[in-house]
Amino acid sequence: SQTIHQWPATLVQPVGSPLSLECTVEGTSNPNLYWYRQAAGRGLQLLFYSVGIGQISSEVPQNLSASRPQDRQFILSSKKLLLSDSGFYLCAWSRNRDRLNQPQHFGDGTRLSIL
Amino acid sequence: TQLLEQSPQFLSIQEGENLTVYCNSSSVFSSLQWYRQEPGEGPVLLVTVVTGGEVKKLKRLTFQFGDARKDSSLHITAAQTGDTGLYLCAGSGGSYIPTFGRGTSLIVHP
């Protein structure tokens, strides 16, 4: 079966510090990978998605970047965090074989607080 | 740009009541998913519907996809406190990127 791991679960960082959130998927190959940010109790804002190693598409221009160094690894980074980067970050994957009907499967999220 | 409107945004009911959550769009979707999310966790997939008019049941939850594949509903019968959470619908329109609704926050009181 497929599993997705996302860490850390909680992170408190000072303004101006760097960020690295990691996500890995097991049990499948060549997945589509996604990073979302979610405001408290509300919908999901897509930040980045990737359909293959080294292929990153950005949906929202901002202070963050993403990388996919391996097939099942997706990293969300920032060089200097802003207060507005606080939020709940979710990683997700979907199968890459049939783009029409594939649901997404989410990690447990990272709660990021910027002080 | 495809948009999905969910209603109501918030719902607070007593245990044992029935409820319906709606997900509407002016766009046609190839498929539509419903997720439930509990506080501090990621959304969990409940169901995928792909055929216009399709009805799927998951215990006390009934999901329906509109005939024109532009809307969907989630009906919960005899709600329980364990049904509390954020319900999200997401539509796939033939790309890698689904469109998510803003969610319906459900609280079921004992």
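Read the figures in this text as sums done on the coordinates, not as results from a lab. Keep in mind it's a predicted model, so treat the numbers as computed, not measured. No Cβ is skipped: glycine too gets one built from the backbone with ideal geometry, and neighbour counts run over all protein chains shown.
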Margin query: In region A:1-45, whose amide N lies under 14 Å from the spot 7 Å out along Cα-to-Cβ of residue A:82? List them in ranges.
Written below: A:15-17
Next item on the list: For region A:3-114, list log₁₀ I(q)/I(0) at each q in 0.15, 0.21, 0.24 Å⁻¹, using the Debye formula over Cα point scatterers of equal strength and ignoring solvent, two decimals each.
Entry: -0.59, -1.15, -1.47
Notebook entry, point to check: With labels modelled as points extended 7 Å from the Cα through the Cβ direction, what inter-label distance (nm, one decimal) is found for residue B:109 paired with residue A:3?
Noted result: 4.0
Checklist line | For the protein assembly as shown, cysteines whose Cβ has no other cysteine Cβ within reach (under 4.7 Å) | finding: none
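Among the trypsin sites (Lys or Arg not before Pro) within region B:1-78, which fall in a DSSP loop and have no more than 11 other Cβ atoms within 10 Å of their own Cβ? Walk me through the intermediate numbers first.
Working: sites: B:36, B:56, B:57, B:59, B:60, B:69, B:70; in loops: B:59, B:60, B:69, B:70.
Those that pass, being in a loop and sparsely packed, are B:59.
Report Rg/Rh for the protein assembly as shown, rounded to two decimals, where Rg is the Cα radius of gyration and Rh the Kirkwood radius. Mind showing how you got there, number by number?
Numbers: Rg = 17.7 Å, Rh = 18.1 Å.
Ratio of gyration radius to Kirkwood radius: 0.98.
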Checklist line | Near-label residues of region A:81-96 by backbone N, under 14 Å of a point 7 Å along Cα→Cβ of residue B:96 | finding: A:92-96
Check: Restricting to region A:3-114, what percent of DSSP beta bridges are antiparallel, rounded to 5?
Finding: 90
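What's the average, rounded to a whole number, of partner chain beta-carbon atoms within 10 Å of each residue's beta-carbon in B:38-51? Don't skip to the answer; put the middle values down first.
Working: counts 0, 3, 6, 7, 14, 9, 2, 4, 1, 1, 3, 1, 2, 0.
Counting other chains' Cβ atoms within 10 Å and averaging over B:38-51 gives 4.
Inside 10 Å of the C-beta atoms of B:87-98, what's the mean count of C-beta atoms belonging to other chains? Don't skip to the answer; put the middle values down first.
Working: counts 0, 4, 1, 4, 0, 7, 1, 3, 3, 11, 9, 8.
Whole-number average of other-chain Cβ neighbours for B:87-98 is 4.
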Item checked: Cut-off 13 Å (backbone N to label point 7 Å along Cα→Cβ of residue A:96), residues of region A:54-82 -> A:54-57, A:68-74
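For region B:5-109, go through all pairs of different Cα atoms, get the mean of 1/r, take its inverse, and jot down that Kirkwood value in Å.
Values: mean 1/r = 0.0731 Å⁻¹.
Answer for region B:5-109: a Kirkwood hydrodynamic radius of 13.7 Å.
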